Amino acid sequence: MHGYLLTAYGAPLSHVPSDLPDLRPGPGEVLIRNEAIGLNYPDALMVQGKYQKRPEPPFVPGRDCAGTVIAVGEGVDGFQPDDPVVAQVFSGAFADQVRAPLNRVFPRPAEVSAVDAAGAMTVFNTAYVAVSIRAKVKAGDRVVVTGAAGGVGAAAVQLAANLGAHVVGIVSSEEKAELVRRSGAGQALIIADREEEPLKNAFKTQVRRTWGDDRGADVVIDTVGGTMFQAGLRALGFAGKLVVVGFASGDIPAAKANYLLYNNLSVMGAPLDIHFDEALDQIREGTAWWLGLLAAGKAQANVTAVLPFDQLMQGLQDILDRKVTGKLVVRTGAGA
Ligand SMILES: NC(=O)c1ccc[n+]([C@@H]2O[C@H](COP(=O)([O-])OP(=O)(O)OC[C@H]3O[C@@H](n4cnc5c(N)ncnc54)[C@H](OP(=O)(O)O)[C@@H]3O)[C@@H](O)[C@H]2O)c1
């Protein structure tokens with residue numbers, strides 16, 4: 001097989017692909033002919049040794065992948081050779097063969113390309129955990145999504161809109177606002193000033209004005225953190241819920257308990273990874289749902305560029321340099 005075997009941590013462009021021995025599935029594993037790889041910010045951290053978990057090299061990094069089944073290991077039911085699949089592994093996706101544990105592999109409808117599925121895997125599942133499992137968004141809810149044109153944000157906008165919620169997306173430019181409106185948000189608010197007081201006031205007034213009364217939001221899905229989180233709390237109405245997804249701003253905020261108490265609010269985390277172990281049935285249900293939305297054209301993976309395999313590390317560098325809007329996907333030799 002062909003893959004990126006990382007022998008030492010380093011900047012993305014220090015890693016090169018090579019020929020590696022073919023893989024065999026172990027017990028409880030599915031061996032995937034990997035056609036497409038979805039790139040995420042954590043991948044860029046992982047190859048540098050800056051991710052929260054640091055496997056000892058040598059190892060093949062990479063999380064999101066999609067293709068077809070080559071073979072299954074002992075004890076695996078439900079998958080057969082040539083079945084289309086999508087997977088999120090802890091490592092190993094930057095190769096044209098991937099060994100995936102059974103709890104990380106999902107059937108892929110024939111209508112959803114490997115490129116779209118790999119591009120959507122982490123961001124749609126994260127959005128699903130935030131929107132459905134944690135916030136329990138339902139038809140008629142008022143939902144605000146920060147970083148709404150980002151990977152997780154755009155997925156959250158689409159899932160909430162498909163549930164019948166009234167969605168407002170917060171973005172920093174007109175170009176991003178247009179993407180968010182196309183994704184199904186009733187409104188996109190362009191808020192570029194990131195200073196704390198102007199941001200809090202903008203949320204208090206503009207977000208509330210959007211719905212024409214003073215009730216505020218039922219749910220805020222926050223992917224940005226920092227002052228955006230503080231402002232998000234001010235947008236919530238009675239019994240509002242703020243779901244912490246991530247800190248794209250790099251600033252981890254703190255919530256004052258008295259503010260939560262006086263305003264009857266909840267703040268909750270939405271970590272994806274732990275759900276594969278603790279709530280696999282819900283993740284299976286959610287993955288089938290959003291794949292069905294993609295298959296029916298009711299949601300978009302927003303893949304903006306498909307790179308050849310030898311450009312994978314350049315893609316990670318572009319993510320670090322903030323040159324990417326939408327999702328970057330790499331096509332392997334198996335998908336060519
Ligand atoms: N909970 C989980 O399990 C989980 C899973 C995946 C990702 N995450 C985390 O969720 C966050 C969002 O991930 P993503 O894949 O959606 O990221 P992304 O595609 O890079 O989008 C992040 C968005 O945040 C906004 N932003 C505001 N300030 C920013 C700053 N200083 N730097 C970068 N972006 C900034 C940007 O929109 P504007 O410019 O319009 O403001 C951008 O579109 C990240 O922190 C990621 O690590 C968490």
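The table below gives the values:
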quantity	calculated
Selection count, the range 239-251, where residues are more than 9 Å from the ligand (Cβ to nearest atom) and at pLDDT below 95	0
Tabulated pairs, the range 175-204, first in the same structural domain as residue 165 (by TED's automatic domain parsing) and open to solvent by 70 Å² or more (accessible area, probe 1.4 Å), second basic (Lys, Arg) and more than 11 Å from the ligand (Cβ to nearest atom), C-beta under 7 angstrom, 6+ apart or interchain	204/234
Subset of the range 258-282 [more than 16 Å from the ligand (Cβ to nearest atom) and surrounded by 12 or more Cβ atoms within 10 Å (Cβ to Cβ)]	259, 260, 263, 265, 266
Qualifying positions in the range 111-135 - more than 14 Å from residue 290 (Cα to Cα), assigned by TED's automatic domain parsing to the domain that holds residue 78 and surrounded by fewer than 24 Cβ atoms within 10 Å (Cβ to Cβ)	115
Lone qualifier among 244, 324, 267 - being within 14 Å of the chain's Cα centre (by Cα) and among the aliphatic types (A, V, I, L, M)	244
When residues of the range 309-324 are limited to those that are within 11 Å of the ligand (Cβ to nearest atom) and touching a strand residue (DSSP E or B) at 6+ places or on another chain (Cβ under 9 Å), the one farthest from residue 40 (Cα to Cα)	324
Output for the range 150-165, where each listed residue is in a loop (DSSP other than H, G, I, E, B) and open to solvent by 20 Å² or more (accessible area, probe 1.4 Å)	150, 163, 164
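The values are calculated or read from the model by the stated rules, or taken from the named source; none is laboratory data. Bear in mind the structure is a predicted one, so any value in this text is a computation, not a measurement. Backbone-built Cβ (ideal geometry, glycine too); neighbour counts: all protein chains shown. Keep in mind that these areas ignore ligands, DNA and RNA; they rest on the heavy atoms of the full protein, side chains included. Shrake-Rupley method; radii C 1.70, N 1.55, O 1.52, S 1.80 Å.
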